[in-house]
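The values are calculated or read from the model by the stated rules, or taken from the named source; none is laboratory data. Remember, it's a predicted structure, so these values are computed and weren't measured experimentally. Cβ placement follows ideal geometry from the backbone for every residue including glycine, while neighbour counts extend to all protein chains displayed. Protein only, heavy atoms only, side chains kept; ligands, DNA and RNA dropped before computing areas. Shrake-Rupley method; radii C 1.70, N 1.55, O 1.52, S 1.80 Å.
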Amino acid sequence: MFFMSMKKILLFAFVALLIAGCRLERIEPEDGNNKDNDKKTEELTLSFTASHEILDTKAVMGKNATINWQPTDRLSVFDGAGANCVFSTKGLSVEAPSCTFEGKVTALAADYIVVYPYTETASLSDDGVISGITLPATQTAVEGSFDPKAPLMAAKTVEGGKDLTFQNIVGYVQVSTDSKCKKIELFAGNGEILAGAGSISFDAKNTPSFTLSPERALSTITLAPEGEGLLEAGKSYYIAVPAVTLEAGWGISITGTNDKVYKRIESEQIQFKKNTVINLGTIKQEAPIPYVTFSAESEQTFTMSFQLFDNATPFTLGEGEYFQYRVGDGEWQSFTNTVSDIVFGGNGNDLQLRGISSKGTALSMSDQLASIRFGFADVPVSCSGDIRTLVDYRNYETANTSEAMFCNLFFECVQLTSAPDLPATELAATCYFQMFSNCIALTKAPALPATTLTEACYKGMFEYCIALTEAPALPATTLADYCYLGMFAFCIALTEAPALPATTLALYCYSNMFNTCESLTEAPELPAATLAPYCYSAMFIYCTSLTEAPALPATTLAPFCYSYMFSECYELTKVPVLPDAQLAFKCYEAMFVACKKLSEVWIALKPSFTTEDEDELRTIKEGYANCFDNWLNLCSNTGTLFCTEALYNLVNEYIIPSGWSYEDIEKHL
């Protein structure tokens, strides 16, 4: 193909590419015989003298550009018999702005159709359509230019004339990268076709156009250097593209020298036009988009359903929103409703999931939600990637997660061995409610970096994950109602609890958090000084390996705050001194029920009251008594120990074991 002189210009920086004028001259055979050409059956030699206009690129580059022919350029000329004849440059040894093309035809024609580049498989139909033309899906990278086999041009003579006007029937995109790379791939956002086999036709004004055949076309164009070379950083390269509009945008994929794949995705519509260069700019080699990815060593099936419970209202995506999946390197498949039994796994055929869904995968924590299932119970599945790519895979790092919920997404996925990343710091209420509940093969929880929590955000998140051995850090210092309720309940393999630095508690915030964590041997520090209703209720119930309770420094209590906190902790032998505190209704209710090895509990409470009204005094006494309601029931007969005679006298008629006197209690001090 014709190339611009690289010493003088950069190629194709403006919307006009090429209008070339050519003159046709018929040349007699070299032996001078056969003057009657109409009767001649042998091949006839013809030549075209071709030249190119100067491209006006001042609007972009500030100077003009000269386009040159190359010695290796060849044309397809269709003669009077419709034969595809090859024409080559004649006498051209270096790049030049004009040259002569010469070739042989089998029959003269009043009009000629010419196609660049020469295509051996091209053929001309009776109605003037040229088939067998290919826009390459793999194009050779040329620094500052394009693959000479990629640009498609066509021309048709005017009846009785000898002039040809070549017209470019493809457009171009200009790309560069910030680092060396092995290849660049341009792909359509929604699978529109970009390359492959097609045909050229002419309209009434002899303007050519190129149409791709859907049956033989591809949605990706690959630009790669010859051999084992690399594309250089900061250099411009050009990809020939058809005149097409990509409604769902486009993407660029770059394979770096380390074989990592980096992608840039644009969702805005883009239109490729003939004779037009679109500069896509410099593509940075950044980390690839971490789609939610499922891997299995052997065949597995994937189902994502949008209604989990009977008679539940289906989860419905917003306008223009969707999910997509693909297996291996296949095309992305869009869906807005249930997809079932998608086969993946084995031979690197991972299944990737992405989406545009501002609400995540749920509208509520109980029914309007989507859930994932795997078909074969004995085939483990690992999951990786960033959950935010289900909210907005195009801009996942800045995706708005304030309304995104993933309630029950992996509920009872018994094959799941690892979880995707959950890096969001802006959480929706109930966002991760029971997200991994009953994932019995999950051994490690993802990091949870959020410091601003919302109501029930982690409620039941890992309950019944019986293989989970490690809990994530929980850095929040201000909690929300129900935020950790039942978070690790029944995680019987969990051996260590995370640090819990929160000092501002909320309703039910830690309730049942470690319920039945049978392997937990040590409780975390609990530094809060002011408690909230039910905040620690049943927090360590049935933690049968726990031997020592943490310090409980709170001095302002709340109703039921310690209710059943260490109930059924059979191995518990040591508890801290409970400080002088402002009591609340049933604040110590059943706190140490069935702690059979617990021998004494020291309480430094110093109640005081000023009223002499008997009814009011009884109310106060009942209030203090209620705060200890049933708190040592089923413990050893050493009973309840108090540090002051006043407290004993206040509450003995309610909670001191029958027959005990203050002197009896003193014996145990």
Rounded percent of accessible protein surface that carbon and sulfur make up, the range 243-356, 1.4 Å probe:
40 percent
Of the heavy-atom accessible surface of the range 427-482 (probe 1.4 angstrom), what whole percent is carbon and sulfur?
54 percent
Across the range 324-336, in residue order, what do the Karplus-derived ³J(HN,Hα) couplings come to in whole Hz, using 6.51 cos²θ - 1.76 cosθ + 1.60 with θ = phi - 60° and x for Gly and Pro?
9, 9, 8, 10, x, 9, x, 6, 5, 10, 8, 8, 10
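Quick check for you: with a 1.4 Å probe and neighbouring chains kept, what is the accessible area per residue of the range 284-425, in Å²? Provide the component values of the computation, followed by the final result.
Values: 6200 Å² over 142 residues.
Dividing the accessible area of the range 284-425 by its residue count gives 44 Å².
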Could you give the size of the charge dipole of the range 259-344 about its Cα centre, using +1 on the Cβ of each K and R and -1 on the Cβ of each D and E, expressed in debye and rounded to the nearest 20?
560 debye
Accessible heavy-atom area order of Phe411, Phe436, highest first, probe of 1.4 Å:
Phe411, Phe436
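Given a 1.4 Å probe, how much area per residue of the range 84-166 is accessible, in Å²?
Working: 3630 Å² over 83 residues.
That works out to 44 Å² for each residue.
In what sequence, largest accessible area first, do Asp481, Asp392, Asp341 appear using a 1.4 Å probe? Show your work: numbers first, answer last.
Working: Asp481 60, Asp392 30, Asp341 105 Å².
Sorted descending by solvent-accessible area, the residues read Asp341, Asp481, Asp392.
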Can you give the accessible area of Cys383 in Å² (nearest 10), computed on protein heavy atoms with a 1.4 Å probe?
10 Å²
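Give the accessible surface of the range 510-588 per residue, rounded to a whole number of Å², with probe radius 1.4 Å and ligands, DNA and RNA excluded.
Numbers: 2750 Å² over 79 residues.
I get 35 Å² per residue for this part.
Going by a ≥ b ≥ c, the root eigenvalues of the Cα gyration tensor, does the range 450-535 fall in the rounded group (a/c under 1.5), the prolate group (a/b larger than b/c) or the oblate group? Please list the in-between numbers first.
Details: a/c = 1.78, a/b = 1.55, b/c = 1.15.
Judged from the Cα gyration tensor, the range 450-535 comes out prolate (a/c at least 1.5, a/b above b/c).
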Rounded, prolate or oblate (a/c below 1.5 giving rounded, otherwise prolate when a/b exceeds b/c) for the range 236-325 by Cα gyration tensor:
oblate
Would you mind computing, in nm to one decimal, how far apart the modelled labels at Lys235 and Thr313 are, each placed 7 Å from Cα along Cα→Cβ?
5.9 nm
Can you check what the net charge comes to around Ser209, using other residues whose Cβ is under 13 Å from the Cβ of Ser209 (Lys, Arg +1; Asp, Glu -1)?
+3
